[in-house]
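Read the structure below first, then the notes.
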Amino acid sequence: MDPPPLHVVFLPFMAQGHMIPITDMARLFARRGVKSTIITTPLNAPLFSGKIRRDAQLGLPIETHIIEFPCVEAGLPEGCENVSAIRSPDLMIPFFKAMAVFQRPVEDLLRNWRPDCIVADVVFTWATETAGRLCIPRLFFNGTGAFVVSVLHALKLHEACNGLESDSEPFLVPGLPHEIRLIKTQLPPFVKGDQSDSGIREAMEESEVNCFGTVLNSFHELEPGYAEYYRKVMGRKAWLIGPLSLGNKDGTEEKAERGDVVTSIDEQECLRWLDAREPNSVLYICFGSTSYISDAQPCEIAGALESFEELSFIWVVRKGELLPEGFEERTKGLVIRGWAPQVLILDHGAIGGFVTHCGWNSTLEAVAAGVPMVTWPLQAEQFLNEKLVTDVLKIGVGVGAQEWSRGERKIVVGREDIARAMTRVMVGEEAEELRGRARKLQEMAVRANEEGGSSNSDLKSLLEELKSLRDKKL
Ligand code: UDP
């Protein structure tokens, strides 16, 4: 008798930048015959359940399992089940800490189900220990690529931030395959010795070091030196199985259905607007799902856009961001308020550039679409992603952002700097070169996901390893 299919449980952090790739991963596993169960909470389930339902109707072994999230008990406002519901940066650490409430119910489920593996997000610091107790291999997912993890490792190993004379002078990160220079103000507080996260970082690292291995939303050809650094210098087991946005070969409907329950624009209307534009002529502007720009910033972006005689754009404006008076009436660009069908937009041939905050998913989605970037990092590890894009891959130009901040910013990036970076990415010889390199990477990304490609092979070997572990147990 054939052994039963593998059963893998997925536990995503409740933020779009984590749920979107983990959902894609679970769907990818299900396409390989793995029974895939995503654990989530009542208010997060609708963000991806439509897609899961459709896959299940196609006969794929995939399902969602909902557990309650006691916000108030966890010290959070009622209904605060997703990072997007956090209105004050001070609630971020309590939100991370609240992930402890999942330990008991998830452990009960694992004991009942006895799955062959759990893919748990970085924030579930208890997952390695809990899974270990039940003899279930835990795979680690942190939502970034190998470059970021390598840079953070090298910064710590070489104490590169210690003894710097200036906060604003670029310094070299030693021990990496490329010359990477950073400035202190671009780094997250924990890298500079800030301990106010109450040990969460250390707990994350410990649970990563001790787990079965890491799955990365990346592909070997994108960052070969860093995949090797991660495996050899850091000594981690890692499988690069991305870009996950390409893995399921989604059509228009699925592409439009990433993340929010509904997009703020009808996907057909959006496609019609793009169809009427020349190839590579539209600049897409979006700062992801959780980052805020300062109140004065939209005015400067609008000023930069209006300084061009002719520049088509799609600008995703978040709640609370105010555009200058009369801008929307004057402009020929498309303003989307709320949630945009980002992958659908990036994949359209009319898109010529992407002004991005360098969240890892957005970065990879741009790579997968062959679109060069205007990089504008704001927080998290976005400044490191920027370095990969501008200094290593050379498929983007920075606006010159220097200030890491989760809250209000002191520095407003001026319209001239913004327009300069936009011009370099959209117009002229340099733009053509950037686009040429971006297109080559896109080809590699597509190939990585095809039969025999690097991501396809990594996924295969991961599943074989899980099967052989299971067979040994049986
Ligand atoms: N996204 C989207 N529409 C939006 C904003 C974001 O589809 O209007 C998606 C985007 O395609 C990406 C994710 O949300 O998959 C954001 O993840 P990323 O890592 O880029 O940034 P984060 O939001 O985590 O800062």
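The values are calculated or read from the model by the stated rules, or taken from the named source; none is laboratory data. All of these numbers come straight from a predicted model, not from anything done at the bench. Counting neighbours? That spans all protein chains shown, and the Cβs are built from the backbone with ideal geometry, glycine included.
Some points to look at:
- Residues that are in contact with a strand residue (DSSP E or B) (Cβ under 9 Å, 6 or more places away or on another chain) and either free of Cβ contacts under 8 Å to residues at least 40 places away in the same chain or more than 9 Å from the ligand (Cβ to nearest atom) (or both) within the stretch 340-362 comprise His348, Ala350, Ile351, Gly352, Gly353, Phe354, Val355, Cys358, listed in sequence order.
- Residue satisfying all of: in the stretch 267-292; within 12 Å of the ligand (Cβ to nearest atom) and either hydrophobic (A, V, I, L, M, F, W, C) or not in a loop (DSSP other than H, G, I, E, B) (or both); nearest to the chain's Cα centre (by Cα) among these: Phe287
- Only one of the numbered conditions (1) touching a helix residue (DSSP H, G or I) at 6+ places or on another chain (Cβ under 7 Å); (2) touching a residue at least 40 places away in the same chain (Cβ under 8 Å); (3) more than 11 Å from the ligand (Cβ to nearest atom); (4) closer than 25 Å to Arg439 by Cα is violated by Ala368, and that is (3).
- Pairs with Cβ under 6 Å, 6+ apart, first in the stretch 78-97 and in contact (Cβ under 8 Å) with a residue 40 or more places away in the chain, second charged (D, E, K, R) and surrounded by 13 or more Cβ atoms within 10 Å (Cβ to Cβ): Pro89/Arg406; Ile93/Asp197
- Residues in the stretch 293-308 that are assigned to a loop (DSSP other than H, G, I, E, B), closer than 16 Å to Arg330 by Cβ and small (Gly, Ala, Ser): Ser307 alone.
- Here is the figure for the stretch 208-233: residues that are part of a loop (DSSP other than H, G, I, E, B) and either crowded, with 18+ Cβ neighbours inside 10 Å or β-branched (Val, Ile, Thr) (or both) total 6.
- Every test in (1) assigned to a loop (DSSP other than H, G, I, E, B); (2) touching a strand residue (DSSP E or B) at 6+ places or on another chain (Cβ under 9 Å); (3) farther than 24 Å from Glu416 by Cβ is passed by Leu323 save one, and that test is (3).
- Subset tally (residues that are of a type in the set (S, T, N, Q) and either without any contact (Cβ under 8 Å) to a residue 60 or more places away in the chain or buried (at least 22 other Cβ atoms within 10 Å of the Cβ) (or both)) for the stretch 234-262: 1
- Where Ser150 falls short, out of the listed (1) farther than 19 Å from Val101 by Cα; (2) small (Gly, Ala, Ser); (3) assigned to a loop (DSSP other than H, G, I, E, B): (3)
- Glu165 vs. criteria at pLDDT below 95 and under 24 Å from the mean Cα position of the chain (by Cα): no
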